[in-house]
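Nothing in this text is a laboratory measurement; each read-out follows from the coordinates by a stated rule. Just so we're clear, the structure is a prediction, and the values are computed from it rather than from any experiment. When we count neighbours, we look across all protein chains shown, and the Cβ atoms used for this are built from the backbone with ideal geometry, even at glycine.
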Amino acid sequence: MTTKKKLVVAGLLVVGISATVGYSVFARNRGVVTVQSGRVVRQDLKQTVAANGEIKPKKYVNISSNTMGRILHMPVKEGDHVRAGQLLIRLESVQTQADLQAAEAGLDAAGTELEGMSALIRSNEAAIHSAKADITRSEAEVNRTKQNLDRVEQLTKGGLGSREQYERAKAEYDVAAAQLNSAHARLAQAEAQAAQTLQQREGTALRIAQQRSAVVRARDQLSKTTITSPLDGVITYLPVNEGEIAIVGVQNQPGTVLMTIADLSVITAEVKVDETDIVNVRVGQEAEVKVDALPDRVLKGHVSEVGNSALTRSGATATTANQGTAQEAKDFKVIITLDNPPLELRPGLSCTVSIVTATRNTALTIPIQALTIREFDDPEAAAGVNGANNKKKIEKEGVFVIKNGAVFFRPVKTGVTGSTDIEILEGLSENDEIVIGPYQTLRTIKDDTRVKIEQTQ
């Protein structure tokens, strides 16, 4: 055999051997799926709820005016620290001072009139006493003259008295009776005058009460021209200047906001939590706050308030939203009180909050992406009319466990969900090897599929 033929034969043998080896490798790897694997491990786990919002003081008040007027004096500026009762704004008060003076003058006049009524009442009471005394004296005089008239009349009938004596006694009696009637008339007149004076005094007393109310109202209006701070705090918003007009709010139209005072000793983060997460949020839970203006700092806090009314994304409360927004996504207001707020914090700064809703120590965990869902026949499905089973499907949550180069679906019971891992309560053991990806493979892979582990870089 020539050298050329030997080379050809050797080449054919190499090709045949390579083809055989290639086919055997192909046959062995046919149906093998490449997957990414992970282990069931124990670790500390935190379940958190994230939300966005802004920094707000726990206590603040918008200062507005209760009376309309020009700002004459404003001895404060934005950023000033103020104390409760400190002067903030003084409005013009010419008209209100005049109203107060008029009301006080009317009250003084009514008081003087009341004093005159009291003196007149005392005079009437004296006249009544005098009239009663006159009646007593006149009654005594009538009795005396009546007795004298009766005696003279008896003497005259017996011939012992003269006609002149009888007529004189009769005249004295008539005069005494007339004086008694006059005394009764004076008493009635004095009592009528006293009753009239009492009525006039009651009317004057009512006028005094009205004048006192007018004085109180005028003083209140005057006091509203001087605006003082209702709390200790910092002026965080001051949009007005001296010389501008303060407008009073009316129905459905707010008045001028003169300034905002905030108590910065207690700072909060007000955030909106999605309705799917709010059920896990409780008062007292720890939270971490990141302020956009302080990117390198993480502030600690705790949940101090959880709203009970849902807010739609458009801003209305769920109870007042119209039918068109009934299916709109809703949020709940949650207040986070910061434990040690830095001095550079300002109301209105944007922030992101992470609320720790649950914690687990040394929990059995797997990556969240390893979880998948498969459908199975319901073993409790009722038999049909003809004895055939209704093929009702149920869904089970689980993972694919890798064993001897193949995967098997194993249902699991989950617990707390962290940012990247989830707690396993039942179904797996520590160090079990499971499929964690790729996502498309997890969606389609089946039981007893042979797999090849993809080597991670």
Using the charge dipole of the chain (Lys, Arg: +1 at Cβ; Asp, Glu: -1 at Cβ; taken about the Cα centre), state which of LEU371, ALA205, VAL248 has its Cα farthest towards the positive end.
LEU371
Ordered by packing density, taken as the mean number of other Cβ atoms within 10 Å over each peptide's residues, highest first, how do 279-288, 260-269 rank?
260-269, 279-288
Order the peptides 341-352, 219-230 from the highest to the lowest mean number of other Cβ atoms within 10 Å of their residues.
219-230, 341-352
Point-charge dipole on Cβ atoms (K/R +1, D/E -1) for the chain, about Cα centre, debye to 20:
2180
Whose amide H sits under 5 Å from the amide H of THR357, counting only residues 5 or more places off or on another chain, with H placed in the peptide plane?
GLN47, THR48, VAL49
Dividing the alpha-carbon radius of gyration of segment 95-223 by 2.2 N^0.38 Å, where N counts its residues, gives 2.00
Förster radius 51 Å - calculated FRET efficiency between LYS446 and LEU87 (Cβ-Cβ, nearest 0.05):
0.05
If I take the Cα coordinates of the chain and project them onto the principal axes, what are the three extents in Å, biggest first?
213, 74, 42
Extension gain (nm, one decimal) between LYS157 and ASP80, 0.36 nm per residue minus Cα-Cα
16.3 nm
Tell me whether segment 63-169 comes out rounded, prolate or oblate; compute the Cα gyration tensor, take square roots of the eigenvalues as a ≥ b ≥ c, and use a/c under 1.5 as the rounded threshold.
prolate
Please compute the modelled spin-label separation between PHE376 and ASN143, points set 7 Å along Cα→Cβ, answer in nm with one decimal.
12.5
Amide H contacts of GLY255 (H built 1.01 Å from N, under 5 Å, at least 5 apart or other chain)
GLY249, VAL250
I'd like the FRET efficiency for LEU114 and ALA188, computed as 1/(1 + (r/R0)^6) with the beta carbon distance as r and R0 of 25 Å, rounded to 0.05.
0.45
What full-extension length gain, to one decimal in nm, is calculated for LYS132 and LYS272 as 0.36 nm per residue of separation minus the Cα-Cα distance?
41.7 nm
Between the residues SER65, THR414, LEU231, the Cα farthest towards the positive end of the dipole of the chain, that dipole coming from +1 and -1 charges on the beta-carbon of Lys, Arg, Asp and Glu, is from THR414
Stretch gain in nm, segment LEU294-ALA406, where the contour uses 0.36 nm per residue and the Cα spacing is subtracted
35.3 nm
Strictly over 26 Å apart at the Cα level, which of LYS393/LYS452; LYS46/LYS272; LYS58/LYS300; LYS46/LYS333 would you flag in this model?
LYS393/LYS452
Treating only the Cβ atoms of Lys and Arg (+1) and Asp and Glu (-1) as charged, compute the dipole magnitude of segment 95-223 about its Cα centre; round to the nearest 20 debye.
360
